[in-house]
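Enquirer: Handing you a structure now.
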Amino acid sequence: MSDRTCATRRQILLSGGLAATVPLLASTRSAPSVVRRPDVAGAPPPEQVHVQFGADAATQIAVSWAAPARVARPRLRVGPRGEAFGREVPARERVYTDAMTGETVYTYHAALDHLHPDTLFGYEVIHDGAGPVAGTFRTGPRGRGKGFRFTSFGDQSVPAPVGIGLGPNTPNAGYIVDAVDDLDPLFHLMNGDLCYANVSDAPVATWTSFFTNNMRSARYRPWMPAAGNHENEVANGPQGYLAYQTRFELPGNGSAEFHGNWYAFTVGTIRVLSINNDDVCLQDGGFSAYRRDHVPGYQANGDDPYIRGYSHGLQRAWLEAELAAARRAGDIDWIVVCMHQVAMSSAHFNGADLGIRQELMPLFDVYGVDLVVAGHEHHFERTFPVRGVLPGSSLLTPAPQGSDPDEIDTRDGTVHMIIGGGGHSAPTPVAGFDTPHDGVLITGIGSGSPQSQRPAITTTEPAPWSAYRDLATPYGFASFDVAPAEHGGTTSITVTHYGAAAGSPVYAPLDRFVMRKPVGAARRLRTRQLVTG
Ligand SMILES: [Fe+2]
Ligand SMILES: [Fe+2]
């Protein structure tokens, strides 16, 4: 689907949709003056336009874009769709320079607050010397009054080779954008390994390709990211995440240094927590031989892509506080965690990571996380609700708390989903799935250094937690239809996995299940005895 088609479809959908009585936005601010005014003649147009929710999706949105050169008076014009732009907001410039190529990237971010819930807005981003680029976004609903849909996948890459073609790329990385957009989700979750810029000879061009590819959806609905191991571009900031942090405008987490690495937002009755598992994983997932060989001063500067423990517990403390607050909140029925590496996998690809079980799973159990969406393993797989560990398990193998794969009450435990078929050119091969159907777990790493990737030490385990896996379909995503208040006093999320063959733009529904529980039950976990090993 082309941009033009998208816009036309939306205009049709929206015609006559918005009430003219929707109050205009809070205040009208004029654009700031700039001290150093770049030459505006022939300024590059806004590109890579995308939107993101703030911490409160009902009232907060940020619009972001990029330019290959510094621009003058970057700003956002916005108003309820169908009305004049009633508000002009200056955009903040954030810049980074890639440590390997020396290229500088200019990004612009305009944050909006005090928006009206469940309202469609139109906007333009513009700077001096170039024409505007238009988009729309819808704010989230408030409370339990209205259902909505979101979607998710990880491990996308880009739709065509970039540079000399070192990085993964497939046509499916493009097709999946249209497949997601056709479902008209309110927002989309990207479960890490966005574009694999860290293994490319042309990382900046790879990011450009990624955002350009996704823009035909992401400028109309938030594509909210989690940082994966391939967002770690060593030497771009202390943990390699500087490009990621610069390019997205994400809700704050109280830390300037780690801004965007973990964050949370609320949509209706759902609290979404996006976290960065490189902080806890044993696996050495950020290593890039190409950056080792081509980042100037790599060895002399002591650059090291192995960053386990980098937040020194800050992320974990934030996560626990956020989970506790969500569990206390009377208007949150569902807690969803978006992360990259996985707690369970039945494939000899990367495998699951014991570090996640040690650091995060106890929190998921205590605070009753309902759903975890992840990637890293390049296939689709999901679990029964899990809580606690199998008796005596030194591997902390999660214990299933249900046996119905189709209808799940998440008061019993957390459902984990691997949705890693976003487009990477190396999907989990059929031969990679463990036979018999066991789990695969990284339990440690061998010796290594910043010069050579530390090898993972893996083992297998029983997998009674495994509810469903798809060995045949390399690419796919999941949709989540949220019904916040059903007849009979329940709330549900209906999950559908859509899959496609390699090279095919047709994404068909292949798996469906429902998570359901009483409204307001989020704070009353079942008092089932936790099984601990
Ligand atoms: Fe990946
Ligand atoms: Fe990964």
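The values are calculated or read from the model by the stated rules, or taken from the named source; none is laboratory data. Computed from a predicted model, the values in this text were never measured in an experiment. Using ideal geometry, Cβ is built from the backbone for each residue, glycine included, and neighbour counts are taken over all protein chains shown. Each accessible area value is taken on the protein alone, full model and side chains, heavy atoms only, with ligands, DNA and RNA left out. Shrake-Rupley method; radii C 1.70, N 1.55, O 1.52, S 1.80 Å.
Enquirer: Using the Cα atoms of region 133-181 to build a convex hull, what is its mean projected area in square nanometres? Show your work: numbers first, answer last.
Expert: On the way: hull surface 22.1 nm².
That works out to 5.5 nm².
Enquirer: If we restrict to alpha carbons, what Rg and Dmax does region 266-321 come to, in Å?
Expert: For region 266-321, the Cα-based Rg and Dmax read 15.9, 50 Å.
Enquirer: Moving on to the next point. Between region 398-426 and region 77-131, what's the alpha-carbon centroid distance in Å?
Expert: 36 Å
Enquirer: Let me ask something else. Just how much of Leu120 is accessible, in Å², when a 1.4 Å probe is used and the result is rounded to the nearest 10?
Expert: Spelled out: Leu120, probe radius 1.4 Å, area about 10 Å².
Enquirer: Continuing with this model, one more query. For Leu183 and Glu486 in one chain, what is 0.36 nm times their gap in residues minus the Cα-Cα distance, to one decimal in nm?
Expert: Details: separation 303, 0.36 × 303 = 109.08 nm, distance 2.18 nm.
Roughly 106.9 nm would be gained on extension.
Enquirer: Please arrange Lys146, Lys517 by accessible surface area, largest first, computed with a 1.4 Å probe and ligands excluded. Working shown, then result.
Expert: On the way: Lys146 85, Lys517 5 Å².
So, going from the largest accessible area down, we get Lys146, Lys517.
Enquirer: Efficiency by 1/(1 + (r/R0)^6): what FRET value for His114 and His437, r their Cβ-Cβ distance, R0 = 45 Å, to the nearest 0.05? Let's see the in-between values first.
Expert: Working: r = 52 Å, r/R0 = 1.15.
Once the sixth-power term is evaluated, E becomes 0.30.
Enquirer: Mind computing the radius of gyration and Dmax over the alpha-carbon atoms of the chain? Å is fine for both.
Expert: Looking at the chain, its Cα Rg and Dmax stand at 22.3, 70 Å.
Enquirer: Could you report the accessible area of Arg469 in Å², rounded to 10, computed with a 1.4 Å probe on the protein chains as they sit in the structure?
Expert: 40 Å²
Enquirer: Could you rank Asp303, Asp293 by how accessible they are, 1.4 Å probe, largest area first?
Expert: Values: Asp303 30, Asp293 95 Å².
Correct descending sequence by accessible area is Asp293, Asp303.
Enquirer: Under a point spin-label approximation (7 Å from Cα along Cα-to-Cβ), what is the Val514-Ala472 distance to one decimal in nm?
Expert: Each label point is offset 7 Å from its Cα along the Cβ direction, giving 2.6 nm.
Enquirer: If you don't mind, another one. Any idea what the relative contact order of the chain is, in percent, if you count C-alpha pairs under 8 Å spaced at least 6 apart? Mind showing how you got there, number by number?
Expert: Working: 1438 pairs, mean separation 74.8, N = 533.
14 percent.
Enquirer: Further, regarding this structure: Going from the alpha-carbon gyration tensor of region 433-496, what semi-axes, largest first and in whole Å, does one get by taking the root of 5 times each eigenvalue?
Expert: Values: eigenvalues 281, 56, 39 Å².
One finds semi-axes of 37, 17, 14 Å for region 433-496.
Enquirer: While we're looking at this one, here's another question. Measuring from the lowest to the highest alpha carbon on each principal axis, how far does region 413-533 reach, largest first, in angstroms?
Expert: 57, 45, 32
Enquirer: Could you tell me the accessible area of Thr208 in Å² (1.4 Å probe, neighbours in place), rounded to the nearest ten?
Expert: 40 Å²
Enquirer: Okay, moving on. What is the percent carbon and sulfur in the accessible area of the chain, measuring with a 1.4 Å probe over the protein chains and ignoring ligands? Present the calculation step by step, with values, prior to reporting the outcome.
Expert: Details: 9900 of 18450 Å².
In the chain, the share of accessible area belonging to carbon and sulfur is 54 percent.
Enquirer: What does a probe at Asn301 reach in region 237-251, counting residues whose amide N is under 17 Å from the point 7 Å along Cα→Cβ?
Expert: 237-246
Enquirer: Turning to a different aspect of this structure: Suppose we look only past 24 Å in the calculated P(r) of region 261-397. What percent of the Cα-Cα pairs does that tail hold?
Expert: Details: 3482 of 9316 pairs.
Taking all Cα-Cα pairs of region 261-397, the fraction more than 24 Å apart is 37 percent.
Enquirer: Using only alpha carbon positions, build the gyration tensor of region 340-379, then give the equivalent ellipsoid semi-axes as the square roots of 5 times its eigenvalues, largest first, whole angstrom.
Expert: Details: eigenvalues 77, 25, 9 Å².
Rounded to whole Å, the semi-axes are 20, 11, 7.
Enquirer: Rank Asp409, Asp182, Asp118 by accessible area, highest first, at a 1.4 Å probe radius? Please report the intermediate quantities before stating the final value.
Expert: Details: Asp409 30, Asp182 90, Asp118 55 Å².
Ranking Asp409, Asp182, Asp118 by accessible area, largest first, yields Asp182, Asp118, Asp409.
Enquirer: Here is a follow-up. Along its principal axes, what span do the Cα atoms of region 169-282 show, with the longest given first and each in whole Å?
Expert: 39, 38, 25
Enquirer: Please give the Cα centre distance for region 132-199 versus region 338-368, rounded to the nearest Å.
Expert: After rounding, the separation between the Cα centres reads 23 Å.
Enquirer: Same structure, new question: Calculate the length of the line joining the C-alpha centroid of region 207-274 to that of region 454-480, in whole Å.
Expert: 24 Å
Enquirer: Return the inverse of the average 1/r over all pairs of distinct C-alpha atoms in region 233-299, which is the Kirkwood hydrodynamic radius, in Å to one decimal. Can you show the working numbers first?
Expert: Values: mean 1/r = 0.0725 Å⁻¹.
When all Cα pairs of region 233-299 are included, the Kirkwood radius is 13.8 Å.
Enquirer: Given the C-alpha atoms of region 387-464, compute the convex hull and give its volume per residue in Å³. Kindly include the intermediate steps, with their values, before the conclusion.
Expert: Numbers: hull volume 13.0 nm³, N = 78.
With only Cα atoms used, region 387-464 gives 167 Å³ per residue.
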